[in-house]
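K.L.:
So that we are looking at the same thing, I have put the structure below in C-alpha cells.
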Amino acid sequence: MSSLLQLEYLDAVLCMMELPSITPFNGIKSRSDDFQALHVALSYRIHWVIGYFDQFLYFYRGFLHFYEKTLPENCGYSSAQPYWNWSLDIDNGASFAESPIFDSVYGFGGNGACIFNWTGFFGNSTPTNSGGGCIQDGPFISYNLSVGPGSSVTNHCIRRNFNNNSARWGKVTQVANTTKQSNFEAFRQEAGGVFRPPPNKIHGSGHGMISGEMGNVFSSPGDPLSYLHHANLDRVWAFWQNIGLEARVRDISGYTTSGNRL
Ligand SMILES: [Cu+2]
C-alpha cells in the first residue's frame, strides 16, 4: 500500500468519524458509530457464542463489505479495504509494537499512555503496565468515541494497552495451523474466539495485542484497527476456502446462540 493511499485511507476513516450517523442506535453521532453500535448490538451472536468459538467470520465478511462500500461512497476513498498481516510484524524478530501500522502519520498511532496498575475498563484484567490510557499520537488522538466501552454509551478516548504475550498466537505457524484444518468447524475453532481460555488463537491474538477498546468483545470496532485485523482474518478464511473452493465456500457450521458469559 503506497504512503499516499495510507493517508487517503486514514482520511476516509476520519471522515466516517465526522459524518452524521444514519441508524437509530442509542447515543450515537457518527457514521463510524453506526458500525460500532451494530457490532455492540449483535455481540452475543458474534462473540458470546457457545463453546468460546465465535461466529465472527460470517459477521465480519458482511460487516467489512458494508464498511468497504461506505468508505468510497461517503468519504472518497479510492481503493479496497486494507488488512493488517500481523504475522509479518510478529515473526520478524522485533516487537510487534515496532510495526509501521502504528506510525503517527502514515498509521493509526501507537500505544495508550501508561497507567500504572490499570485493570481494564471493568477492573477485571491483570495489569500489564504497558499502556491502558488514551492513545498518544496519530490521526485519532483527539477523537472521542460515543459507544462503549462494553455495551455502555459514553464519551471516551480510544485506549490501547499493548500486550506482547498475545502476539505469540499470531505467528505464521499459528496461521498455518488454522489453514491446514480440513473442514469449517475445525477451521473456525482453530481461528478461535476472544474469550477462549489459553492457548489463544489468531483472532484473540490481534485483539489482545492491542487491547484497550480493541480488546473489548462489544465495542472493539471503536478502534479503527479492528477493521484491518478482521480483514486479515477474512483473508485467511478466503485462503482456506480457495484450497477447495467448490466445497469450502458452502461449508459453514457451529452455534449461533450465546453461551454462558465468563
Ligand atoms: Cu474480533
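K.L.:
In a shell of Cβ-Cβ distance under 15 Å around residue 21, excluding residue 21 itself, what net charge do Lys and Arg (+1) and Asp and Glu (-1) give?
P.N.:
Counting the neighbours of residue 21, the net charge comes to -1.
K.L.:
So for the chain, averaging the separation of alpha carbon pairs under 8 Å that are six or more residues apart and normalising by length, what relative contact order in percent results?
P.N.:
23 percent
K.L.:
Can you tally the net charge around residue 252? Count Lys and Arg as +1, Asp and Glu as -1, for every other residue whose Cβ sits under 13 Å from the Cβ of residue 252.
P.N.:
Within the 13 Å Cβ shell, the charges total +2.
K.L.:
For a footprinting-style exposure proxy, rank 190, 185 by other Cβ within 10 Å, fewest first.
P.N.:
Ranked by crowding around the Cβ, least crowded first: 185, 190.
K.L.:
To the nearest 20 Debye, how big is the dipole of the range 3-248 about its Cα centre, given +1 on the beta carbon of each Lys and Arg and -1 on that of each Asp and Glu?
P.N.:
Roughly 640 debye, rounded to the nearest 20.
K.L.:
Can you give the translational diffusion coefficient of the range 12-158 in µm²/s, computed by Stokes-Einstein from the Kirkwood radius over Cα pairs at 37 °C and 0.692 mPa s?
P.N.:
Reported coefficient: 190 µm²/s.
K.L.:
Give a quick list of trypsin sites (Lys or Arg not before Pro) in the range 138-232 that DSSP marks as loop, anything other than H, G, I, E or B, with at most 16 other Cβ atoms within 10 Å.
P.N.:
Listed in order of number, the matching sites are 171, 180.
K.L.:
A further question on this structure: With only alpha-carbon pairs counted, each pair once and no self-pairs, how large is the Kirkwood hydrodynamic radius of the range 133-238 in angstroms?
P.N.:
Computed over Cα pairs of the range 133-238, the Kirkwood hydrodynamic radius comes out at 14.4 Å.
K.L.:
Determine, at each q value in 0.15 (inverse angstroms), the log₁₀ of I(q)/I(0) that the Debye formula gives when each Cα of the range 77-189 is one equal point scatterer.
P.N.:
Values returned for q = 0.15 Å⁻¹ are -0.87.
K.L.:
Then there is this: Using alpha carbon coordinates only, what is the Rg to Rh ratio of the chain, with Rh defined as the Kirkwood radius?
P.N.:
0.94
K.L.:
List the chymotrypsin sites (Phe, Trp or Tyr not before Pro) in the range 172-256 that DSSP assigns to loop (not H, G, I, E or B) and whose Cβ has at most 13 other Cβ atoms within 10 Å. Which are they?
P.N.:
Passing both the DSSP loop test and the Cβ count: 255.
K.L.:
Near residue 81, within a Cβ-to-Cβ distance under 12 Å, what is the net charge of the other residues, with Lys and Arg +1 and Asp and Glu -1?
P.N.:
Its environment carries a net charge of +1.
No value in this document is a laboratory result; all are computed from the given coordinates. Because the structure is predicted, anything quoted here is derived from the model rather than measured. Don't worry about glycine lacking a Cβ; one is built from the backbone with ideal geometry, like all the others, and counts go over all protein chains shown.
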